[in-house]
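Trainee: Would you mind keeping the following structure in view while I ask a few things?
The values are calculated or read from the model by the stated rules, or taken from the named source; none is laboratory data. Computed from a predicted structure; not experimentally measured. With ideal geometry, Cβ positions are generated from the backbone for all residues, glycine too; neighbour counts draw on all protein chains shown. Side chains included, ligands, DNA and RNA excluded: accessible areas come from the protein's heavy atoms. Shrake-Rupley method; radii C 1.70, N 1.55, O 1.52, S 1.80 Å.
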Amino acid sequence: MDDLYFEGEENQQESTIDIQRFWRALLKKWWLWSIITIAVSIPWILYVKAEKPIYQASSTIQFQEFDGQTNRQLVQYREQKFTSRSFAEEIAKEMGLALEVEPYSEGQHPIRHHVFSDFSTSGSPVTGRYVMRFTSGDSMSLYKLPAENEPELSDEKLYAGLVTSAMDSLIAVNGLYFRLADELPQFPEEIFFRINSFRSTVTSFQNRVDVYFGRSGSVMEVVLQDHDPFLVAEMTNRLTQIYIRESIGVSKGAESNYGQLLRERLDSAEQKMRTAQDELSQYRARHGMDLTDELKKLNSDLEKYNTAYEVLHDNNDALNQLAKKIRTANSGDEPDPKDLNNSLRDIYHQILELPIFDNDVNAKLALGKFERYEEKYDEQVRRTSAINRKSVEYATEIIAIFKEIDSVVANKFIENKKDLRVLNENISTINLKLKKHPEKLAEYTRLEENERNARAIWESQKNSYDKFALNSATESTKISVIDEAIPPDYPVNRNKKRKAAAGVSGAFFLGVFVVLGIEFLDKSLKTVVDVKNNLKVNVLGTIPDIDFEDLNEFQDNEKARLVDNQLVTHNYSPTPIGEAYRSLRTSIMFSKVAGRVQTLVITSFAPGDGKSFTAANLAITMAQHKSNTLLVDTDLRRGVLHNTFGLTKEPGFSTYLTNNLPIPEIIQETHIPNLSIVSCGALIPNPSELLGSHQMKRFLDDVRRRFDLIIFDTPPLNAATDAVVIGTQVDANVLVVRSGKTHRDVAKQKMELYQHVPAKIIGVILNGAGEEYAHEGYSYYHY
């Protein structure tokens, strides 16, 4: 099939994108992108509405170097220092960022500085929920509440004292260091607060802080975000102050507020450590060192005996379980040497590998003997069989070893029982001694624990103070704050309407993208442009889609008249589908490639494309044009034209090909003037061979003399090649494509059948096209 069989120069051009197809898809599937838009927009709007306001404050710092220069390495160092985790941890500790004060009055956002004048934490504060309870007598108490999963526990009292003392002195409990505010507002009886995880607090702080440097590197802007406008400004200012202090420090002779705070923490920790040490020393002096050493030795021996008892008891249980498995595997009978149980061998291996046999000489000897005979037995079985004489001998030896192991196990049970009894007696003796001094032991343990904790706190505070003193030694850079942070008036996310509108727009474009994606992935041929781009064939006409829902209620012979009256009327009533077929008739009659067409083959790519329906109605329109038309049903496998026109199936075309009947005997007249039908006839086994026979050629020669136009309705191309066989003998071939159903890849594959045969394809009929794909005059009947 040559390229000259395709009409129009545009068929030779490169494929183009059919923009109108995608536009029609958007109009047709408006419900899909509408659902997606609504489904995405509603959650987004609810999220934006519930989003907490975020306030942003910024502070500007200026660096003045003594040499007047700022190198890039110094800028990078400053930025890395500000964004480092160690600096973030220092900030989180000193500013007490792990603190979260709960609302203490309805409708009022809690402000921590209304409660605490100073609040900081260690690097590992005790997380959880706390409560401060105030009484009328100007006293307060601090409690740690039990966790939600431990409701049976009571509140743990951490501190009790006067409110004025808590204002003046630094309170240190559970890694928390705080003073109450000097001018307390009217508090309720209880104030609750929570200490969050220190690690998550540091990570959250790093995510909320940004640092920007000027082009020269001498100016740095610190930006911080938070939900509280006053707190974010205060935090930003304190952040810059801490950074300045950490960067350049102060002179040795001067005492900064930070140094005073560290000094007070160190003095408080040292006083508590001295007190704990004195209490422990006095206790030791009253009761002597012998009691302490004896208690330690008793505890050590008790732990040792308990551990030995548990290990021996567990190993004895494991040995007992394996012994039960041996009894279960033997079922009370002695093992058969001709059928040695492999699972039994594995159990004995597990027994000898138990830790309690590590120092047992008899067990080690039995294991070595067991492995040697086991290796000989396995090798003999591999070379011969399990019932071989030598294999039976080795198996008998292994069974004898089993009995030796059973003896070793029995002795081990006796030995374990004795050892367990001795250990139990030792444990009872030590417990009896310990019960004689319970109060002394408990008091000593408590005092020793207090001393260790106090010393650890003092060492931590001393390290912090030493680090501060070292940083205060010199000053190499002058750092000043140009602009301090002020409380912002509006949140940075205040324009919720714009944010919601952006989300709705995004949801809309998402819906459009989904519809366009579905349309892009749809590989069916829908439009004229699709056919031309993929098949490189001219489109002769488009037939609108037809609703046949009511036709199923009628018989086949009634369907033809109903379809005919509905689509192609005798009086040329202006129906859109009738005009579509008349337009198709004009395209075929005046085809520039085919010239005068007398014989025409109509086929399709797959069943259901509408080739028989198209052939019947095209024949009707040709007959209405006063052309003597013959419609031949050459679908010798599943012909349907005799049902369409209410005619008999036999005699038909297959009868002519096999029995050589006269042509007039197979031609049947229809109710349409100038239209005759040749039905398919009876089924035959070899239709393709007969359609290419000399009898077929004689038929063509005869009907060409009798009729002006002969139309052949052939089987689909994916069912048989009959259409190609007949197509080489006629003037023109027409392919029917079902809009939205015919797959483009299948169509391309079947078009290759015509590549090397002398068949002339004049074009394609696009059948079942919707109103948007039909010819331009379709809407004329629906205005």
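Trainee: Work out the length of the dipole vector of the range 672-758 about its Cα centre, built from +1 on the beta-carbon of each Lys and Arg and -1 on the beta-carbon of each Asp and Glu, and round it to the nearest 20 debye.
Mentor: Numbers: 10 positive and 9 negative charges, 35 e Å.
I would put it at about 160 debye.
Trainee: How do 756-767, 393-404, 655-666 rank on mean C-beta neighbours within 10 Å, highest first? Intermediate results must be reported in sequence, preceding the final value.
Mentor: Values: 756-767: 20.8, 393-404: 17.4, 655-666: 14.9.
Result, highest mean first: 756-767, 393-404, 655-666.
Trainee: At 0.36 nm per residue, minus the direct Cα-Cα distance, what do Leu661 and Ser688 gain on full extension? Give it in nm, one decimal, please.
Mentor: 7.8 nm
Trainee: What accessible area per residue comes out for the range 357-401, rounded to a whole number of Å², with a 1.4 Å probe?
Mentor: Here the per-residue accessible area is 62 Å².
Trainee: Still on this structure: Quickly work out the Ser505-to-Thr384 label distance, labels modelled 7 Å from Cα along the C-beta direction, and quote it in nm with one decimal.
Mentor: According to this spin-label approximation, the distance is 9.1 nm.
Trainee: Find how much the distance from Arg638 to Thr396 grows on full extension, using 0.36 nm per residue of separation minus their present alpha carbon separation; answer in nm with one decimal.
Mentor: So the extension gain works out to 79.2 nm.
Trainee: Scan the range 131-178 for GluC sites (Glu not before Pro) in coil per DSSP, keeping those whose Cβ has at most 15 other Cβ atoms within 10 Å, and list them by number. Show your work: numbers first, answer last.
Mentor: Numbers: sites: Glu148, Glu152, Glu156; in loops: Glu148, Glu152.
Listed in order of number, the matching sites are Glu148, Glu152.
Trainee: While we're on this one: Can you give the net charge of the other residues whose Cβ lies under 14 Å from the Cβ of Arg698, counting K and R as +1 and D and E as -1?
Mentor: Taking every other residue near Arg698 into account, the sum is +2.
Trainee: Sticking with this structure for a sec: Can you list the lysines whose alpha carbon sits under 17 Å from that of Lys526, skipping same-chain ones fewer than 8 residues off?
Mentor: Lys28, Lys29, Lys536, Lys611, Lys741, Lys748
Trainee: Excluding ligands, DNA and RNA, what is the solvent-accessible area per residue of the range 634-678 at a probe of 1.4 Å, expressed in Å²?
Mentor: 44 Å²
Trainee: Mind listing the phi-derived Karplus ³J(HN,Hα) values for the range 81-97, rounded to whole Hz, using 6.51, -1.76 and 1.60 with θ = phi - 60°, and x for any glycine or proline?
Mentor: After applying 6.51 cos²θ - 1.76 cosθ + 1.60, I find 5, 5, 9, 6, 6, 4, 5, 4, 5, 4, 5, 4, 5, 5, 8, x, 5 Hz.
Trainee: List the lysines whose Cα sits under 16 Å from the Cα of Lys157, skipping any in the same chain fewer than 8 residues away.
Mentor: Lys144
Trainee: Here's something else I'd like to know. What is the Cα coordinate range of the range 341-393 on the first, second and third principal axes, sorted by size from largest, in whole angstrom?
Mentor: Between the extreme Cα coordinates on each principal axis of the range 341-393 lie 38, 19, 13 Å.
Trainee: Mind ranking Phe699, Phe509 by accessible surface for me, highest first, 1.4 Å probe?
Mentor: Result of the area sort, largest leading: Phe509, Phe699.
Trainee: Continuing with this model, one more query. Could you tell me what percent of the accessible area of the range 665-715 is made up of carbon and sulfur, with a 1.4 Å probe and every protein chain present? Mind showing how you got there, number by number?
Mentor: Values: 1080 of 2160 Å².
For the range 665-715, the apolar C and S fraction of the accessible surface comes to 50 percent.
Trainee: Any idea of the accessible area per residue across the range 116-156, 1.4 Å probe, to the nearest Å²? Walk me through the numbers before you get to the answer.
Mentor: Details: 2140 Å² over 41 residues.
On a per-residue basis, 52 Å².
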